[in-house]
1. What is the log10 of I(q)/I(0) for the range 177-269, computed with the Debye formula using one identical point scatterer on each Cα and no solvent, at q = 0.10, 0.18, 0.19, 0.26 Å⁻¹?
2. Net charge near Val116: determine it from the other residues with C-beta under 14 Å of the C-beta of Val116, scoring Lys and Arg +1 and Asp and Glu -1.
3. Restricting to bridges with both residues inside the range 9-169, how much of the DSSP beta-bridge set is antiparallel, in percent to the nearest 5?
4. Among Ala134, Gly110, Leu23, which residue has its Cα furthest toward the positive end of the charge dipole of the range 9-169, with +1 on Lys/Arg Cβ and -1 on Asp/Glu Cβ?
5. Take Asp359, Asp127, Asp83 and order them by how many other Cβ atoms sit within 10 Å, fewest up front.
6. About the Cα centre of the chain, what is the dipole size in debye to 20, counting +1 per Lys and Arg Cβ and -1 per Asp and Glu Cβ, all else neutral?
7. Could you tally the net charge around Glu419, taking each other residue with its Cβ under 10 Å from the Cβ of Glu419, Lys/Arg +1 and Asp/Glu -1?
8. Beyond 41 Å, what share of the Cα-Cα pairs of the chain remains, rounded to the nearest whole percent?
Amino acid sequence: MSERPPPLTLGTAGHIDHGKTALIAALTGIDTDRLPEEQARGISIELGYASLTLPTGRRLSVIDVPGHERFVRTMVAGATGIDLFLMTIAADDGVMPQTREHAAVLAGLGVSDGVVAITKADLAGVDVAAVRAAAAELLPGVEAVVVSARARSGLDELRAALEGVAARLPGRATADAAGGAGAAVLHVDRAFTIRGAGTVVTGTLWSGAIGRGDELVLLPAGRRVRVRGVQVHDASVERAAAGQRVAVNLTGVALDAVARGDVLAAAQSGLAATYRLDAAIRLPPEVDHGDRVQVHHGTRASPARLAALGGRYWQLRLEQPLVAAAGDRVVVRRVAPPDTLGGGVVLDAAPPRHGPSRDLLARLARIERGEPADPGARDADAAPPPSAPPLDATALALAARLHAAGWEPPLDAELSEAERAALPALREAGRAVRIGRAMHAHPDPLVEVRERVVAHIEAHGSISLGELRDLLGTSRKFAQALLEHLDAERVTRRDGERRVLRRRPPTSGP
């Protein structure tokens, strides 16, 4: 008996009204426009899902995305995690603006395998040859098939073309096995409730496998959940492998506690919320240091500031947390007017806040090449250096909670017993800093407090408790604790009722 081929997910792409949904319906028998508004307006607004059976009997999970420019964010959420694409280009329109932007999104996500469907070929007066040439220019080397969903022509040829592309793809489950990976990671694109079953989330399983009875973590909140059941293509399975759409019935979480953008992961995945990413990204020359952009990762997006590190390397300083790992893909879009600028790969998912340097560029280049970040790293046969134990789910909850709290963290007394027990591990991992005797804060907001205080003192000579309170928009309690922390860190010192910067020793050398 031949080995079953690895699961794959197909994503549609293309301009509005170029026939994506009609073509998927013709191929699968499923109308992916499930919302009344979609059916009334004749356009896709949300992501749609179907199962496509190829000539050999192989099944693909299908994600049908909206084509309207207002829903590109939804399109990106659907495109992340796909293995191959089906780009539709209408024979009467040709390549249009969203055709180009969807192609840019696919390129940013590193999805280069797929098929072009030249749709509406039954219409009178269309120039199929011109559209085929334009498609070849936009997506070089991608096979184009002429089809008509209404006339049901070209569908067998399209299925065969998709079969050929799918046959050469290894699939995520195969990559997991070859690389020794296996931690389950699913980015949630839909959450709903079923009477008698409870909360259900769906998404493309990026890695690992999920089965009934598994204990997972819902990020960024860090909530522990248990898998009650799993379905693939509306059929219950004991265990679902990476590379396909999966529906997961969860216990331990209410519907209002989970939403698109959350991540369902195994505790051993090591994933955690982050507010900074170092990445290699191809961006147009007009993009500059300090520009505000929208960063898309998985099924979540966050505004961010770009910090240029040199060449194609950038630090993305996020306004909202993403749950990313090194090697993940991101798409960067302009905030206004909205447009896709480019995309690339995450090199460091938890970097410190830093600017450019020669050593940093060399380090990022090594990571991008797949080499050890530290050139003096030990040989693989040598004993590994000691490291702190991995953080458990409670510690990862707590780290995200402290980060979200900023410079107004909860008192230690307000934490649960399990959270208080996790504080030493968080301090050792560099994800919590003791502030006086009563509370802990995440180090990221403390860096911002330090920068603001130093800038204020350099401009005005000193800072008072009341001035820091007003500067941060916080209460006297937190301002007092933060000033005492800066004193303890030897950033500031008391001068009567005010703080001034500590004198720094002169630097040596010329």
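1. -0.21, -0.69, -0.78, -1.56
2. Numbers: positive: Lys20, Arg100, Lys120, Arg132; negative: Asp93, Asp113, Glu137, Glu143, Glu157.
After counting each charged neighbour, the total is -1.
3. Details: 7 of 25 bridges.
Percentage antiparallel, nearest 5: 30.
4. Positive-most Cα among the choices belongs to Gly110.
5. Numbers: Asp359 7, Asp127 12, Asp83 24.
Least to most surrounded, the residues fall as Asp359, Asp127, Asp83.
6. Dipole magnitude for the chain comes out near 1240 debye.
7. Values: positive: Arg401, Arg420; negative: Asp412, Glu414, Glu417.
Surrounding charge for Glu419 is -1.
8. Numbers: 36308 of 129795 pairs.
Of all Cα-Cα distances in the chain, 28 percent exceed 41 Å.
Any read-out appearing in this document is the output of simple, stated calculations on the displayed coordinates, not a laboratory observation. Here the structure is a predicted model, which is why all the values come from computation and not from measurement. Here the Cβ is made from the backbone with ideal geometry for all residues, glycine too, and neighbour counts use every protein chain on show.
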